[in-house]
Each structure stands twice: as structure tokens, then as C-alpha cells.
Amino acid sequence: MGRSSAIAEQILEIMRRAARHCWTFDELQADLAHRGVAPNPSSIFRAVSSLEQTGAVVRVPLGDGRGHYEVFSDHHDHVVCDTCGRVEALGCSIVDDLASRVRASSGFVMSAHQLVLSGTCAACAGGRGDIPESVGHRPAARNARSAR
């Protein structure tokens, strides 16, 4: 087994064991370094690309211009905190309900979708339940998170 395959296996193990969603290449590299493995960024890119091609991981577009990946599982959508960047799975079937309505009203059958909702997580809202003025509002903190 080549080094790239060994890195891919370690990346998959990291993603499977963590109770989080949507890893970036930098986050994977930091976690590998914490384990005493120091692959270069191109090795991580190749390993993740290989895992994506085999269907073991999927890319999740979070709208910040960076690649985010997670282990393939039953389809789910995501919510992202504009303040801290926390990502969680959305535990409801909004899109499934919408797809049924679209099919019933137009006959159009959806083949795929990606849904990411953004807002403020409970921890950042301090339990206040802060609601942005508009759904499309993206505070500066979100852009600062993207630059990390």
C-alpha cells in the first residue's frame, strides 16, 4: 500500500471517529499532525480527492469558497453558524417535503440538491435566540472565518 493510500485511510478514520461535520484540508492536516503524521498539502488533496471519487466522502458546499468534506452517509443538509463557523446536520426533511410538492404540482422529479442554512448557533446567541434581520444577511465574522 502506498503512502497516499495510508493517508487516505487515516483521513477516513479521522472523519468517521469525529462527532463533527465538514472538514477542510487545513483541519485534516492539523488533525494528522496531532497524530504525528505530516503529509504535505498536495498529499491530503490527492487522498481526499481519491476518497471522493470512490464515494467514501462527499464535498459539502458551505458557500465560503473552501472545500468541506465529510464521510458519505444518508443524505442530510446543514446549518452553519455565521459567528463561530460551527456546522451541524439539519435534522428535518424540509427538502424531501419540498421535492414531493414540486413533483405533485409540476411532475418535475428532483435528482439532487444541496442545502446549507446559515444563522447563529445557540452558543453564540447566548440562548437569546438572535435572529438576523434577513435570511441573506452574512455578518463580517463569517468572512473572517473564511480567511482562516
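The values are calculated or read from the model by the stated rules, or taken from the named source; none is laboratory data. Quick caveat, the model's predicted, so the values are computed rather than measured. Methodologically, a virtual Cβ is constructed for each residue, glycine included, from the backbone with ideal geometry; neighbour enumeration extends over all protein chains shown.
Key figures
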read-out: Filtered residue count, segment 77-115, keeping only those that are touching a Lys or Arg at 6+ places or on another chain (Cβ under 7 Å) and among the small types (Gly, Ala, Ser); value: 1
read-out: Inter-residue pairs, beta-carbon under 6 Å, first farther than 23 Å from Arg86 by Cα and in segment 23-48, second crowded, with 19+ Cβ neighbours inside 10 Å and not aromatic (Phe, Trp, Tyr), 6+ apart; value: Pro39/Ile7; Ser43/Ile7; Ala47/Ile7; Ala47/Ala8; Ala47/Ile11
read-out: Residue within segment 76-94 that is in contact with an Asp or Glu (Cβ under 8 Å, 6 or more places away or on another chain) and assigned to a helix (DSSP H, G or I) present; value: yes
read-out: Residue within segment 82-91 that is in contact with a Ser or Thr (Cβ under 7 Å, 6 or more places away or on another chain), of a type outside the set (Lys, Arg) and either surrounded by 14 or more Cβ atoms within 10 Å (Cβ to Cβ) or not assigned by TED's automatic domain parsing to the domain that holds Arg17 (or both) present; value: yes
read-out: Residue under evaluation Pro61, criteria (1) more than 11 Å from the chain's Cα centre (by Cα); (2) modelled with pLDDT under 85, criterion not met; value: (1)
read-out: Residue count, segment 76-108 (criterion: within 19 Å of Ala18 (Cα to Cα) and charged (D, E, K, R)); value: 3
read-out: Hits in segment 56-75 (condition: out of contact with any Lys or Arg (no Cβ under 8 Å at 6 or more places or on another chain) and assigned to a strand (DSSP E or B)); value: Val57, Val58, Arg59, Glu70
read-out: Residue within segment 55-73 that is of a type in the set (A, V, I, L, M) and free of Cβ contacts under 8 Å to residues at least 40 places away in the same chain present; value: yes
